[in-house]
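A.B. asks: Dumping the structure here so I can ask a few things about it.
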Amino acid sequence: MTINFANLLPTLQPALESVARIPIVHYLNETIWIFAAIETGHLLLLTILGGAVLILNLRVLNLVLTDVPVEEVERTTRSWYRFGAAGAIVTGVIMGITTARTLLPNGAFFIKMVALIAAIILSHVVARQVRGSRALESRSGKAAILAGFAIWLAAMFLFATTARVNPGSILIALAGAALLSVATQRRHRPAIIAASALALSGWYVSLDALVGQSHGIGIALTSTGLVAAASFPTYSMDGRDTDKSILGKEALQRLTAFVSTLAWITVAAAGRWIGFS
Amino acid sequence: MISRFFAYLQYQFGAELDGAGRAVSDTSWSAQLQGSEQLWMLLEGTHVVTLMLFAGSILFVDLRLLGVLLPNRPVSKVADSILPYTVGGFLVMLLTGTALFFANPFEYYHNVIFRVKLVFVVAAAINIFIFHFRVQANRGAWDDAQRPPAKVRFAAGTSIALWVAVIVAGRCMAYDWFSCDMASGFVAAAEQCQERTATLAAIEPGLAQ
């Protein structure tokens, strides 16, 4: 299965190709060192963006800078997040326009765009909540979280079921499992492993029945299941430095930070798989 | 000798042998890893994505050392909290990077951009070593300083510059601008293209056609 912009929006390709024929855009695409410079800039900006997102989300998960109020961490990473995101989008758009002919039929590019929407929504919600706007309590905040989760799960489903791209979903699963294992207290790990195995089995069976067998899909769906399994037990996640159980609003905030992290990793991984597919 | 060793790794190590005892092409372990496609993609993808964790986290520690980020928090609190993730990211990058090198060792060895990248990695490692054992020796004296001393800021600035250089070199390795097929003059000498040709000629009798 492959879903891409060329199939979904067939009128987009001719429009973008006409833009690609504009002399300056054509020159950018044909001049390898300029394209390489933009591509390298995109990677560096993604690194800044990734660092800012990780620091804030890991703080929300109570894993780093536990002595620093989370509001201060959000305030201090905000400008770096905005700089990294804006720069990565601008360089991404430049690369996208110059290579529209090959990007639009590319399944990994479609997945990257879907995951990007989820990542931006979830990061926005985490930041707003940390700033004390009660984003998680408002109806619009809850709707945004639900939309973010649903869009990211859709991106993961596509990642796991798109031919030649699906190994990338294993990367997200491994990242989710690693983050979860770091974030949970040792005494809760057996329960979390059991819950993960249960969720994994459920996801594997349901998705396998839904989609059916095809080449490589078993591995892909297993990895999707691992991601889902890694997501569910975060409700019981209470950090390493505290004994109190986290319920309700705080649990939702941590779950949002957790999924936001995975959503950005999905964006980066899908971006890498654009070149592979 | 090093060239010969990497040529052996790339073309002969683990390879099937024909009746005459010559290595059958594309059957060495390196060739199999490179040809595995999905495993190679997973390794390469992990290497690039882990960059966000490694370089992203070290950037924020360096920014604190420069006095730009969280200036009212002790350096020790920021560094000790974030650096375990940096180290974790580095270990994953080292592991995947080594596996990726193993997939094509002879060509990487004779690639000038790979050599430049290695020089930057070694320089960054030396910078970390100097920071850890020299600059940080009296951390207690400037731990709470909003703007740490010049030598600390210099080490942090050097760290950012070197890791950016590593990333740029790593990205440029994807292009064959300076491969031995096209290189001449200084670049050809820097990547030892003559030795590469001699090595290929020397191992040819051991390879099945």
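The values are calculated or read from the model by the stated rules, or taken from the named source; none is laboratory data. All figures in this text were calculated on a predicted structure; none of them were measured in a lab. When we count neighbours, we look across all protein chains shown, and the Cβ atoms used for this are built from the backbone with ideal geometry, even at glycine.
A.B. asks: So is residue B:54 within 23 Å of residue B:132 (Cβ to Cβ) and part of a helix (DSSP H, G or I) or not?
C.D. replies: Judged against the criteria, residue B:54 is a match.
A.B. asks: Scan the range B:162-195 residue by residue and report those that are without any contact (Cβ under 8 Å) to a residue 60 or more places away in the chain, more than 9 Å from chain A (Cβ to nearest Cβ), under 13 Å from residue B:114 (Cβ atoms) and not in a loop (DSSP other than H, G, I, E, B).
C.D. replies: B:166, B:169
A.B. asks: Something else now. Looking only at residues in the range A:129-171 that are within 14 Å of chain B (Cβ to nearest Cβ), in a loop (DSSP other than H, G, I, E, B) and aliphatic (A, V, I, L, M), which one is farthest from residue A:75 (Cα to Cα)?
C.D. replies: A:163
A.B. asks: Six or more apart or on different chains, Cβ under 9 Å: which pairs go from a residue in the range A:33-57 that's more than 7 Å from every other protein chain (Cβ to nearest Cβ) to one that's not in a helix (DSSP H, G or I)? Could you list them?
C.D. replies: The qualifying pairs are A:33/B:175; A:33/B:177; A:35/A:99; A:57/A:63.
A.B. asks: In the range B:70-105, how many residues are in contact with a Leu (Cβ under 9 Å, 6 or more places away or on another chain), within 10 Å of another protein chain (Cβ to nearest Cβ) and farther than 22 Å from residue A:83 by Cβ?
C.D. replies: 4
A.B. asks: Which one is nearest to residue B:164 (Cα to Cα), of the residues in the range B:59-69 that are at the interface with chain A (Cβ under 8 Å from one of its Cβ atoms) and buried (at least 22 other Cβ atoms within 10 Å of the Cβ)?
C.D. replies: The residue in question is B:59.
A.B. asks: Still on this structure, please answer the following. Tally time: how many residues in the range B:64-78 are assigned to a helix (DSSP H, G or I) and closer than 15 Å to residue A:59 by Cβ?
C.D. replies: 3
Okay, residues lined up against (1) acidic (Asp, Glu); (2) part of a helix (DSSP H, G or I); (3) at pLDDT 85 or above:
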site: A:7; (1), (2), (3): no, yes, no
site: A:16; (1), (2), (3): no, yes, no
site: A:29; (1), (2), (3): no, yes, no
site: A:36; (1), (2), (3): no, yes, yes
site: A:41; (1), (2), (3): no, yes, yes
site: A:48; (1), (2), (3): no, yes, yes
site: A:59; (1), (2), (3): no, yes, yes
site: A:68; (1), (2), (3): no, no, yes
site: A:71; (1), (2), (3): yes, yes, yes
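A.B. asks: Test each condition in (1) crowded, with 18+ Cβ neighbours inside 10 Å; (2) touching a Gly at 6+ places or on another chain (Cβ under 9 Å) for residue A:114 and report the one that comes out false.
C.D. replies: (2)
A.B. asks: Find the residue count for the range B:41-53, including only residues that are free of Cβ contacts under 8 Å to residues at least 40 places away in the same chain and more than 9 Å from chain A (Cβ to nearest Cβ).
C.D. replies: Number of matching residues: 0.
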